[in-house]
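The values are calculated or read from the model by the stated rules, or taken from the named source; none is laboratory data. Treat the numbers as computed from the prediction; the structure is a model and nothing was measured. Every residue, glycine among them, receives a Cβ derived from its backbone with ideal geometry; neighbour counts consider all protein chains shown.
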Amino acid sequence: PLEIFLSDYTPPAYLVDTVDLTFKLDPTATRVLSKIAFRPNPDAVDKTFYLHGEQLKLISATIDGKDAQAKVTDLGLTAQAPDAPFIWEAEVEISPSTNTALEGLYMSKGMYCTQCEAEGFRKITYYPDRPDVMGVFTVTIEGSEKVKLSNGNDLGDGKWHDPWPKPAYLFALVAGDLVNLHDTFTTKSGRHVDLNIYVRDGDLHKTAFGMDALKRSMTWDEEVYGREYDLDLFNIVAVDDFNMGAMENKGLNIFNSSAVLASPDTSTDGNFARIETIIAHEYFHNWTGNRITCRDWFQLCLKEGLTVFRDQQFSGDTRGHAVERINDVLQLRARQFREDNGPLAHPVRPESFVEINNFYTATVYEKGAEVIGMLKTLIGDDAYYKGCELYFTRHDGQACTIEDWLKCFEDTTGRDLTQFKLWYQQAGTPRVKVGESYKDGTYTLTFTQSTPATPGQDTKDPRVIPIAVGLLNDAGEEIQATRICEVTDEIHKFRFTGLDAKPVPSINRGFSAPIILERDQSNEERAFLLAHDTDPFNKWESGRALGRDVLVRMVTEDATPDQAYLDALEAVARDDTLAPDFKALCFSGPSNDDIQQALVDAGVTPDPTKIFLASQTFNLSISQSLQDLLPRIYAEMQIDGPYRPVAEDMGKRDWGNAALAMLSRLDGGAQAAKQFATADNMTQQLSALGCLLRAEVGEEQNQAFYDQWKNDRLVMDKWFSMQVMFAKLDAAPKMAKALTEHPDFDMTNPNRFRAVFGALAGNTAGFHSPDGSGYALLADWLIKLDAKNPQTAARMSTAYETWKRYDADRQGMMRDALERIKAAPKLSGDLSEMVTRILN
Ligand code: HT7
Ligand code: ZN
């Protein structure tokens, strides 16, 4: 396998002006005719004319009308091209119906669709398939399908023209017998835009929320970033078979149907919130990704980190900043910290890769977003938006680098961002030790930073870390409003003067930097901050730390939950000033993975079985201590009137269902059974089913759920996943195995595969069953899936990335599973790269 290095970047030999494509659609023999106007690139070093192309049957190729005499390999072709502008014409044949990798042109339930990011266009025709080659595309689609779509504006008769030059990864085509919801949007400068969401017949009633989210996203980007839409048409298409969430193709976004289709009876609050975020994310890419794209795939975070940051801002503005931030950090810790502290750790901007699809990671996306957030914190809001404005004007229509992005902020602020750039270059989560002292009215905080070695990076330089700090007095009053301590050295001190007594610090407020704080903090202080901190993130964080400490002691010392913790939780439950969704988060408790990390940090080998059993006792104790309060909370959180996917109602359902989960540990599921029977929306129905499955009394309801929803594939994904999620210990791999034998299991559909095996990997105690059955089952299925869909198989192999954390037996069995995958015949480059990196 070929490793590609950022340092080897060279400009393309030829640039593209225009691309004319004609598709003669046929399931097994689609013909693609291309006519491309090339011109030599004056900046090129290597002048070889090279076009990428994979799995293509070349019918003919000419340069200026003469046989191109192309030399073809499995990966592309070369030809003698003039050192002057010329026209390339080619015809190739491809087979969309047998394309199960879902990359390039493929078929999903009778519908043609494409996925070209990152390198799928080369499976459609020969082309310089790299993001720094941008052309103006005109597309003609010939076929009997009722609806035929491509990028840009509709010229009629299956013909499309996109006036904006774009890289090939943003090309899209869809053809099928689809129906659509139509709406319109008028931009602030008066452009009339037609909006459509195309779906398969029968799904139209699930499109209204997506359309509303799209219009709100368009308004938000105008108001907050001054970005307007730039075509007369914006189309979204829902596709059932899709490797990721969605794709931002210019003017023709393609969505996994799970990321756009929503209705109250089939979608949970969580689904609605996710759909809103993804719609916004893809729409925001129109400026951060499409108008300004990446020079090469090493710069992926340029568009992804920034666009995630923008979608998080949007969701915060829409649903509330405190809860949005807590949820974003929960995600970051669960996925990115895990990645950053294991064998797959890599910088936000990687230095090398074998398969770019393996770098659509939590580090590039989520840590990439954190880096933007820190930049904004360091330079301030005004300077941030001024820098963005310069970026949009200076680089419109270009393919850029992280250096281009940072230079805009250097030029607007006069600040040197060389040290800040380390956040893009160094992998690993910084650890910051906190020391404190108080003398004569001066309180001093000493921060000492270090970052553990990561693959290929043994030593690290100190980074600039913005740590937001506030101080409270012992009456719980804020005596120092949030101040940003800009840590730049390995050891950095900050003084707070004029104090009457030693304060209580609230450190890294709002999670201002993605770091691990190391501080000896007493449980009294945690409880104090949980009660008094004005920063909602640290208020929640203190409660979380308390819970983690209790659980860790339960695992390591067989302790019982202490009364102080239970009292602190009760105070949260009774506090009428706190929002219901915030309370629900305070009660979500530390995750299994949280506890594992804490144990590893304390030098203890985590045993997932033991942690699971301790968590059961922990949750039961909380339920018992609140038993008098729970019926009242539950009753108060019930909502009269029709379901609305708005933050206020979602918060009430969250808190009400947290109460239901606690009640179910006491009443054997009686209340949950009532809720299941009367629920008029999926959030209530599914929460109740979860409680019943957890209590191991939900067999009847589980069957009823199946009977009710067996024809709705998105709800069926939930049904598959719930059963694995709530199976206890080694029942989880058994359940997953049984579900693979269910007639509705379809391994070629990534959503269904993830429903079963994503749930298995997420059921920590089940996946890590001491007999190794979880590891072995996943390995069997990853090998099977790899033959059909390497991209999804490779992504799911990350379930093994923590293998070095465990005891010798578990390590041995996980290593065996990884070795078995590695030795599988005809293993894809995608999966092979992942298992090799995980094993190293
Ligand atoms: N930019 C897209 C990333 C992507 C993708 C999407 C679907 C299928 C395969 C894919 N490979 C890469 C989605 C996004 O970040 O918005
Ligand atoms: Zn994206």
Since residue 130 meets every condition but one in (1) over 27 Å from residue 256 (Cβ atoms); (2) charged (D, E, K, R); (3) assigned to a loop (DSSP other than H, G, I, E, B), which condition does it not meet?
-> (1)
Scanning region 288-299 for residues that are away from ligand 2 (no atom under 12 Å from the Cβ) and hydrophobic (A, V, I, L, M, F, W, C), which turns out nearest to residue 642 (Cα to Cα)?
-> 292
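Table: residues versus (1) buried (at least 24 other Cβ atoms within 10 Å of the Cβ); (2) away from ligand 2 (no atom under 15 Å from the Cβ); (3) among the hydrophobic types (A, V, I, L, M, F, W, C); (4) under 15 Å from residue 220 (Cα atoms).
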site	(1), (2), (3), (4)
282	yes, no, no, yes
310	yes, no, no, yes
324	no, yes, no, no
329	no, yes, yes, no
347	no, yes, no, no
Give me a count of the residues in region 819-829 that are outside any loop (DSSP other than H, G, I, E, B) and more than 24 Å from residue 244 (Cβ to Cβ).
-> 3
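Per-residue answers, yes or no, for (1) touching a Cys at 6+ places or on another chain (Cβ under 9 Å); (2) modelled with pLDDT of 95 or more; (3) over 24 Å from residue 456 (Cβ atoms):
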| site | (1), (2), (3) |
| --- | --- |
| 360 | no, yes, no |
| 383 | no, yes, yes |
| 387 | yes, yes, yes |
| 391 | yes, yes, yes |
| 395 | yes, yes, yes |
| 399 | yes, yes, yes |
| 402 | yes, yes, no |
With respect to the numbered conditions (1) hydrophobic (A, V, I, L, M, F, W, C); (2) closer than 30 Å to residue 829 by Cα; (3) touching a residue at least 60 places away in the same chain (Cβ under 8 Å); (4) surrounded by 19 or more Cβ atoms within 10 Å (Cβ to Cβ), which one is the sole condition not fulfilled by residue 362?
-> (3)
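When you scan region 740-818 for helices (runs of 4 or more DSSP H) that lie fully inside it, which ones turn up with 3 or more residues that are closer than 23 Å to residue 612 by Cβ? Walk me through it before giving the result.
Working: elements: 750-762, 764-767, 773-786, 790-796.
Qualifying helices (runs of 4 or more DSSP H): 750-762, 764-767, 773-786.
Could you check region 243-267 and list, in sequence order, the residues that are within 14 Å of ligand 2 (Cβ to nearest atom) and assigned to a loop (DSSP other than H, G, I, E, B)?
Step one: filter region 243-267 for residues within 14 Å of ligand 2 (Cβ to nearest atom), giving 243-250, 253-256, 259.
Result: 243, 244, 245, 248, 249, 250.
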From the options 570, 524, residue that is free of Cβ contacts under 8 Å to residues at least 60 places away in the same chain, in contact with a Ser or Thr (Cβ under 8 Å, 6 or more places away or on another chain), surrounded by fewer than 22 Cβ atoms within 10 Å (Cβ to Cβ) and farther than 30 Å from residue 342 by Cα | 570
Does any residue of region 728-739 turn out to be over 23 Å from residue 245 (Cβ atoms), among the basic types (Lys, Arg) and not in a helix (DSSP H, G or I)?
-> yes
How many residues, within region 5-32, are surrounded by fewer than 16 Cβ atoms within 10 Å (Cβ to Cβ) and not in a loop (DSSP other than H, G, I, E, B)?
-> 6
Take the residues of region 284-305 that are away from ligand 1 (no atom under 11 Å from the Cβ) and among the aliphatic types (A, V, I, L, M): which is surrounded by the fewest Cβ atoms within 10 Å (Cβ to Cβ)?
-> 292
Unique residue being among the β-branched types (Val, Ile, Thr), surrounded by fewer than 21 Cβ atoms within 10 Å (Cβ to Cβ) and farther than 25 Å from residue 297 by Cβ when the list is 377, 418 = 377
Could you give every pair whose Cβ atoms fall below 7 Å, whose first residue belongs to region 84-105 and is at negative phi and part of a strand (DSSP E or B), and whose second residue is within 16 Å of ligand 1 (Cβ to nearest atom) and at pLDDT below 95, counting only separations of at least 6 or pairs across chains?
-> none
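Tally the residues that are assigned to a helix (DSSP H, G or I) and in contact (Cβ under 8 Å) with a residue 40 or more places away in the chain, restricting the search to region 405-432.
Looking only at that region, the number is 5.
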Quick one: which of 21, 77, 56 is touching a strand residue (DSSP E or B) at 6+ places or on another chain (Cβ under 6 Å), among the aliphatic types (A, V, I, L, M) and farther than 30 Å from residue 834 by Cβ?
-> 21
Matching residues, region 349-369, being within 14 Å of ligand 2 (Cβ to nearest atom), under 19 Å from residue 421 (Cβ atoms) and of a type in the set (Gly, Ala, Ser) = 368, 369
When you scan region 306-320, how many residues do you find that are more than 12 Å from ligand 1 (Cβ to nearest atom) and touching a residue at least 24 places away in the same chain (Cβ under 8 Å)?
-> 9
